[in-house]
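Reviewing the structure listed below.
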Amino acid sequence: MTITIALSKGRIFEETVPLLAAAGIVPAEAPESSRKLIIGTNRPDVRLVIVRASDVPTYVQYGAADLGIAGRDVLIEHGGAGLYQPLDLNIAKCRMMVAVPEGFDYDDAVRHGARLKVATKYPQIAREHFAGKGVHVDIIKLYGSMELAPLVGLADAIVDLVSTGGTLKANKLVAVEHILDISSRLVVNQAALKLKYQAIQPVLDAFAGAVPA
Ligand SMILES: Nc1ncnc2c1ncn2[C@@H]1O[C@H](COP(=O)(O)OP(=O)(O)OP(=O)(O)O)[C@@H](O)[C@H]1O
Ligand SMILES: O=P(O)(O)OC[C@H]1O[C@H](OP(=O)(O)OP(=O)(O)O)[C@H](O)[C@@H]1O
């Protein structure tokens, strides 16, 4: 019985390598240096598929992968249908924040009921956050480089991920609200968990035992 695990390149792959090792799984090659999208492992019954971070839940939802690792941000935007989410892996940690240009009086704009233009890759999270505060917003969907939007007049504010704060600082933006703490979670196809329980459960247990503090 083969287990297929969906991972994205970059930080999630790098931070998942030690978790895989705890389950006795060693990738045959690194996705950064290979153009292959299906990567074998030292275990003939385990393979990795390399997909965009935001596509991981979709592959697992439809059973094209049995397991996957995805950020809480991505999972909220996806909605989580068909996914069992047994474990917070405590990797790829960052914060979902509202940020504005230095000098922009955000509190004043909110207090006076201004209609804010908000650029983000995370419309679901942004919409819910501002609805909860009763702030009227126009959401502008972007796919990256959100920090640019307020600098060129596309938006008043952004909703984006912040880790070190270096990207905000480099673009003269400041964080004004913390929306959510983000980390990555293990997601499992609900049908696969039943049908392949004997193969999948030991991997889940090994991951659970190796979650970083
Ligand atoms: N600066 C960061 N520090 C720590 N974790 C982060 C950071 N930025 C993003 N993440 C987390 O890592 C996950 C993967 O991010 P990554 O940058 O690899 O993909 P992406 O570029 O956001 O996705 P896509 O390729 O679909 O556009 C995100 O969903 C988020 O949970
Ligand atoms: O606070 P910092 O440590 O500067 O990290 C924040 C940056 O990290 C993420 O981008 P990422 O590195 O994933 O780049 P990408 O969205 O272009 O892939 C996020 O979208 C921010 O731009």
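Just so you know, all these numbers are worked out from the coordinates, no wet-lab data involved. Please read these numbers as outputs of a predicted model, since none were measured by experiment. Note: ideal-geometry Cβ built from the backbone for every residue, glycine included; neighbour counts use all protein chains shown.
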Ordered by fewest other Cβ atoms within 10 Å, a rough proxy for footprinting exposure, HIS178, HIS78 read HIS178, HIS78
Once amide hydrogens are built 1.01 Å from N within the peptide plane, the residues lying 5 or more places from LEU173 or on another chain with amide H under 5 Å from its amide H are GLU102
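How high is the FRET efficiency from LYS93 to GLN190, r the C-beta distance, R0 25 Å, rounded to 0.05?
Details: r = 26 Å, r/R0 = 1.05.
For R0 = 25 Å, the calculated efficiency reads 0.40.
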Karplus ³J(HN,Hα) for the stretch 178-189 (6.51 cos²θ - 1.76 cosθ + 1.60, θ = phi - 60°; Hz, whole; x = Gly/Pro) runs 9, 8, 8, 8, 10, 8, 9, 10, 7, 10, 10, 5
In degrees rounded to 10, the 0-90 angle between helix 123-133 Cα long axis and the longest Cα principal axis of the chain is 50
Most exposed first, judged by fewest Cβ atoms within 10 angstrom, PHE13, PHE104 run PHE104, PHE13
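Quick check: net charge around GLN201, other residues with Cβ under 13 Å of its Cβ, Lys/Arg +1 and Asp/Glu -1? Display every interim value, and only then the final one.
Details: positive: LYS194, LYS196; negative: ASP66, ASP205.
Net charge around GLN201: 0.
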If each K or R counts +1 and each D or E counts -1, the residues other than LEU180 whose Cβ falls under 9 Å of its Cβ total 0
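By its C-alpha gyration tensor, with a ≥ b ≥ c as the square roots of the eigenvalues, how is the stretch 99-204 shaped: rounded for a/c under 1.5, else prolate for a/b larger than b/c, else oblate?
Working: a/c = 3.00, a/b = 2.21, b/c = 1.36.
Judged from the Cα gyration tensor, the stretch 99-204 comes out prolate (a/c at least 1.5, a/b above b/c).
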So the angle from the long Cα axis of helix 197-210 to the longest Cα principal axis of the chain, reported in degrees to the nearest 10, equals 60
Under the Karplus relation with 6.51, -1.76 and 1.60 and θ = phi - 60°, whole-Hz ³J(HN,Hα) for the stretch 74-79, x at Gly and Pro, equal 5, 5, 5, 5, 5, x
In the neighbourhood of GLU14 defined by beta carbon distances under 15 Å, the net charge of the other residues (Lys, Arg +1; Asp, Glu -1) is 0
Expressed in angstrom and rounded, the centroid-to-centroid distance over alpha carbons for the stretch 113-163 and the stretch 26-68 is 32
Between ALA131 and TYR62, the FRET efficiency computed from the C-beta separation at R0 = 30 Å comes out, to the nearest 0.05, as 0.50
Per its Cα gyration tensor (rounded if a/c is under 1.5, else prolate when a/b beats b/c, else oblate), the chain is best filed as prolate
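So how do THR164, THR4 line up by other beta-carbon neighbours within 10 Å, fewest first?
With the fewest neighbours first, THR164, THR4 line up as THR164, THR4.
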